[in-house]
Amino acid sequence: MGDLGFINENISEVERKILSACVKAERNPNDVTLICVSKTKPVPMLLEAYNHGCRQFGENKVQEIIQKSSEMPEDVVWHMIGHLQKNKVRKSVLHAEYIHSVDSYELACLINSEASRINKVQKILLEINIAGEESKYGLSPDSAIELVKEISLFNNIIICGLMCVAPYTDEPETNRKYFKHMHDLLLDINSLSIDNVHMDMLSMGMSGDYEVAIEEGATFVRVGTNIFGERDYSNN
Ligand SMILES: *Cc1c(COP(=O)(O)O)cnc(C)c1O
């Protein structure tokens with residue numbers, strides 16, 4: 001597979017940038033967690049990241065989590081970050097520590113019943129379509145509060161926070177307003193003091209814009225390309 005040393009260097013570079021974004025924003029670096037987004041990438045690449053010290057990995061297909069987790073060390077924390085189909089809920093609840101992509105009551109109901117079946121309290125984030133893009137999954141910001149209230153009644157789900165996939169851009173500053181809006185929405189929801197709800201996670205920022213996301217309060221950044229290189233979908 002060739003020399004994978006570049007992964008180690010890439011992660012060091014991303015970590016440096018995370019640190020300097022934290023310094024700039026006067027935030028504690030311990031409050032920002034890097035999720036290595038390893039979708040489509042082979043296990044030896046993930047092991048390289050693991051050996052660097054990374055334990056958080058994100059995939060957008062549960063099947064990839066199942067395959068890779070069987071070959072990766074036990075202490076990896078798996079994040080399901082992709083759109084979740086109803087027939088994949090059972091497996092996601094079995095294998096993912098966090099599900100970042102919950103965007104409907106129906107999906108939450110299914111997650112709750114699957115989690116209840118195995119005596120788990122599933123950690124989830126609500127996916128917000130923060131820029132109102134036609135092509136994206138996620139709830140509108142306006143409908144988030146209602147869904148939080150509904151989910152708060154479930155015994156086997158804990159809502160950890162909010163997640164978004166901001167618009168693709170070469171100019172990260174243009175996404176700052178969306179990240180700010182996400183943070184405001186989180187504060188708004190917390191201020192309602194809904195029973196059993198205190199969200200403190202914001203999953204936002206990808207290779208192109210994670211530094212701006214951190215400046216606006218991201219606690220999980222999801223970085224793929226800047227760690228593992230471009231993805232090749234040509235043989236799928
Ligand atoms: C692929 C993906 C990422 C990582 O994107 P990069 O631009 O490669 O860093 C982050 N979040 C989600 C939901 C993704 O699907």
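The values are calculated or read from the model by the stated rules, or taken from the named source; none is laboratory data. None of the values given here were measured: they were computed from a predicted structure. Glycine also receives a Cβ, built like all others from the backbone with ideal geometry; neighbour counts cover every protein chain displayed. All accessible areas refer to the heavy atoms of the entire protein, side chains included, with ligands and DNA or RNA removed. Shrake-Rupley method; radii C 1.70, N 1.55, O 1.52, S 1.80 Å.
Could you look through region 118-138, keep only residues that are among the charged types (D, E, K, R) and in a loop (DSSP other than H, G, I, E, B), and pick out the one that is nearest to residue 157 (Cα to Cα)? Explain how you work it out, then say what you get.
First pass over region 118-138, keeping only residues among the charged types (D, E, K, R): 120, 123, 127, 133-134, 136.
Applying the additional criterion that residues be in a loop (DSSP other than H, G, I, E, B) yields 120, 133-134, 136.
Numbers: 120: 8, 133: 27, 134: 28, 136: 24 Å.
Here the answer is 120.
The condition of being of a type in the set (Val, Ile, Thr), open to solvent by 60 Å² or more (accessible area, probe 1.4 Å) and in a strand (DSSP E or B) holds for residue 158. Considering every residue within region 198-217, establish whether at least one is touching a helix residue (DSSP H, G or I) at 6+ places or on another chain (Cβ under 6 Å), of a type in the set (Gly, Ala, Ser) and more than 16 Å from the ligand (Cβ to nearest atom). Scanning region 198-217 turns up at least one residue that is touching a helix residue (DSSP H, G or I) at 6+ places or on another chain (Cβ under 6 Å), of a type in the set (Gly, Ala, Ser) and more than 16 Å from the ligand (Cβ to nearest atom). Cβ separations smaller than 7 Å between residues 6+ apart or across chains give no pair from region 92-121 residues that are of a type in the set (A, V, I, L, M) to residues that are open to solvent by 10 Å² or more (accessible area, probe 1.4 Å) and modelled with pLDDT under 95.
Any idea which residue in region 64-90 is farthest from residue 8 (Cα to Cα), counting only those that are among the basic types (Lys, Arg) and open to solvent by 40 Å² or more (accessible area, probe 1.4 Å)?
Taking region 64-90 first, the residues among the basic types (Lys, Arg) are 68, 86, 88, 90.
Next cut, open to solvent by 40 Å² or more (accessible area, probe 1.4 Å) only: 86, 88, 90.
Values: 86: 36, 88: 32, 90: 34 Å.
Looking at the filtered set, the residue picked out is 86.
Determine whether residue 182 is touching a Leu at 6+ places or on another chain (Cβ under 9 Å) and within 16 Å of the ligand (Cβ to nearest atom). Don't jump to the end; show me each part of the working.
Details: touching a Leu at 6+ places or on another chain (Cβ under 9 Å): yes; within 16 Å of the ligand (Cβ to nearest atom): yes.
Yes: the conditions hold for residue 182.
Given the criteria at pLDDT 95 or above and either open to solvent by less than 20 Å² (accessible area, probe 1.4 Å) or over 17 Å from the mean Cα position of the chain (by Cα) (or both), does residue 61 qualify? Steps first, please.
On the way: at pLDDT 95 or above: yes; either open to solvent by less than 20 Å² (accessible area, probe 1.4 Å) or over 17 Å from the mean Cα position of the chain (by Cα) (or both): no.
Answer is no for this residue.
Checking each residue in region 177-236 for being open to solvent by less than 40 Å² (accessible area, probe 1.4 Å), in a helix (DSSP H, G or I) and of a type in the set (A, V, I, L, M) picks out 182, 185, 186, 189, 212, 213, 214, 227.
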